[in-house]
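Read-outs throughout are calculated quantities, based only on the coordinates presented, and are distinct from any laboratory measurement. Every value quoted in this text rests on a predicted model; they were computed, and no experiment measured them. For neighbour counting, all protein chains shown are included, and Cβ atoms are generated from backbone atoms with ideal geometry for every residue, glycine included.
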Amino acid sequence: MADRAIFQDFVVARSDRLLRTAYLLARDWGLAEDLLQESLAKAWFAWPGIDEPEAYVRKVLVTTYISWWRRRWRGEVPSGDALPERAAHDAAGDDEELWRAVGRLPARQRAVIVLRFYEDLPVGEVARLLGCQEGTVKSQTAKALAKLRVDESIVKERR
Amino acid sequence: MSVRELRDVLRERAEGPSPANPHRHDQVRARIRRTRLRRRASAGAVTLAVVAVAAYLVPGQAGLVVPGETPPAAARQELPERFTSPDGTEYRRVGLVTLTGTEASIDVPVSGKPLEVATPCDGDRNRMPVVHVNSRRVHVPRYGCGDGLPYLLPVDVPQGSTRATLTFDRSEEGCVIPVEDGPCVPEQPDTAVRDIGVYEWTPPAMTIEPARIGALPGQLDGRRLADSASGRWPGVSSVTLTGSGAGPVSVSLLCSGDLAQRMWFKFWINGKEGRTTVGCPWAEGSSPSAGLELEAPEGERVTVTVQTGMWGEYTNRPVRWSAGLYVR
């Protein structure tokens with residue numbers, strides 16, 4: 001069980017790393033900071049019952065991000081219109097294209113990609129974080145990789 | 001493309017320079033305090049609703065309007081009768097309504113002073129219902145809760161009015177995508193008992209000058225500052241920034257002044273209309289704003305025209321802003 005006395009130390013020591021995960025999900029440092037702080041605040045209330053603080057905050061981070069993403073369209077702009085689509089252009093390199101393609105993934109698939117290929121978490125751990133079956137994580141990974149046009153045959157499933 | 005490349009791209013993006021935030025712990029603690037207040041407010045509001053519904057159980061009633069009644073302690077705490085904003089402007093509550101159904105209305109006196117509405121933030125979004133003034137829909141900026149504060153949203157009232165009927169309607173909900181790649185279906189309605197306060201503020205007798213904004217950082221999110229401009233609202237409403245680099249550029253904003261969150265910025269890239277952003281990071285926090293990414297032709301000179309504006313009344317409450325163009 002985590003002691004609330006270590007909460008501040010945890011924020012100081014671990015939040016930079018979590019911020020980077022949040023950035024990969026939100027793709028905007030400002031939103032990432034907001035997402036991280038919201039997750040840390042939620043975690044604080046559950047803190048005395050948490051065994052693994054970092055894993056717990058990461059779970060809250062991902063689930064909070066998915067819930068935000070679902071509501072994102074509600075934002076209004078001065079004209080009353082939705083934000084215009086970004087223009088595509090051909091000059092970007094492969095890395096830039098891949099980064100943009102990750103940004104086009106649905107929230108859950110993006111979360112799977114970030115957890116598996118940035119956090120290097122095994123399938124079982126990702127399933128636990130997302131509250132789903134391992135099979136779902138595998139199918140989401142496959143769908144995401146297909147959209148990213150990454151060769152799935154060389155993905156080694158870690159269990 | 002390989003998984004190794006995917007890993008590399010993720011690592012490169014995530015492990016670039018991130019905005020430092022030495023105040024994060026304090027900001028999280030502030031959120032925790034506000035969450036506690038919200039929870040107490042919800043508990044108080046639920047109690048009020050149970051008592052009120054028992055007293056006024058009328059079939060078909062869409063919402064429960066409680067103007068003039070003593071609000072619960074929690075509502076008083078979050079939507080106080082009077083308060084002074086950080087810039088010294090005096091706010092006075094002229095109406096308080098509790099929304100239990102999909103719609104509620106309230107009549108408020110109009111003195112000619114600017115009117116604003118507020119509802120406590122709960123969860124991760126400010127769920128202010130759609131606002132109608134005398135049956136005319138008012139478009140107000142929708143903020144995320146951000147730091148959890150119940151933002152005040154300006155509403156326009158026809159000139160010369162002495163009273164206005166404000167209607168809050170939450171029947172029009174957003175949509176969610178329950179099935180991957182499926183259609184966006186209507187979101188579960190917000191059924192929480194919700195207090196909404198209507199406030200008027202007294203324009204300060206003299207202009208309140210916002211604090212000067214320091215220089216924008218030379219590097220941000222792996223990009224360098226190519227050009228910058230500053231202004232004050234009301235005042236300059238359009239500036240042009242130029243630079244050249246590889247691929248997308250970003251524009252970072254900083255503002256000072258209590259009404260900074262009401263500023264909007266619209267961008268044109270090489271003359272083509274681009275994105276619009278609402279709100280502007282407050283310069284007092286030492287954390288620089290993350291850049292708003294804009295697509296731009298690689299290697300070519302980029303001209304970004306920034307148009308600014310503000311929602312609502314701002315008499316004697318100007319906002320200073322700075323915008324920086326960052327390129328790779």
Cα centroids of region B:229-252 and region B:301-328: how far apart, whole angstrom? 7 Å
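Assuming 0.36 nm per residue, please report the length gained on full extension of the stretch B:A229 to B:R92 beyond their Cα-Cα distance.
Net length gain for the segment: 45.7 nm.
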Along the Cα-to-Cβ line of B:A30, 7 Å from the Cα, sits a label point; which residues in region B:224-263 have backbone N less than 19 Å from it? B:253-263
Quick one: which residues, 5 or more positions from B:V110 or on another chain, have an amide H under 5 Å from its amide H? H modelled 1.01 Å from N in the peptide plane, none for Pro or chain starts. B:R163, B:A164
Order of A:Y65, A:Y118 - criterion: other Cβ atoms within 10 Å of each residue's Cβ, fewest first: A:Y118, A:Y65
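Summarise the partner chain shielding of A:34-46 as one whole number: the mean count of Cβ atoms from other chains within 10 Å of each residue's Cβ.
Values: counts 9, 1, 4, 12, 10, 1, 7, 10, 4, 2, 5, 4, 0.
Partner-chain Cβ atoms within 10 Å, mean over residues of A:34-46: 5.
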With θ set to phi - 60° and the Karplus curve 6.51 cos²θ - 1.76 cosθ + 1.60, what are the ³J(HN,Hα) couplings of region B:79-96 in order, to the nearest whole Hz, using x for Gly and Pro? 10, x, 5, 9, 7, 10, 6, x, 8, x, 6, 8, 10, 9, 6, 10, x, 9
Considering region A:106-148, what Rg and Dmax in Å follow from its alpha-carbon atoms? 9.0, 24
Per residue of B:262-271, count partner chain C-beta atoms within 10 Å of its C-beta, then hand back the mean as an integer. 1
HN-Hα couplings for region A:139-144 via Karplus (6.51, -1.76, 1.60; θ = phi - 60°), in whole Hz with x for Gly/Pro, come out as 5, 5, 4, 4, 5, 5
Residues with amide H under 5 Å from that of B:G279, placed H, sequence gap 5 or more: B:M263, B:W264, B:F265
Each label sits 7 Å from Cα toward the beta-carbon; between B:E273 and B:T315 the label points are separated, in nm, by 3.3 nm
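What are the semi-axes of the equivalent ellipsoid of region B:207-327, taken as the square roots of 5 times the eigenvalues of the Cα gyration tensor, listed largest first and rounded to whole Å?
25, 15, 11
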Please give every one of the lysines within straight-line cross-link reach of A:K59, meaning a C-alpha to C-alpha distance under 27 Å, and leave out same-chain neighbours fewer than 8 residues apart. A:K42, A:K138, A:K143, A:K147, A:K156
What FRET efficiency, computed as 1/(1 + (r/R0)^6) with R0 = 41 Å and r the Cβ-Cβ distance, is obtained for A:E52 and B:F83, rounded to the nearest 0.05? 0.50
B:A246's amide H: which non-local residues (gap 5+, or another chain) put their own amide H closer than 5 Å, with H modeled 1.01 Å from N in plane and none for Pro or chain starts? B:G299, B:R328
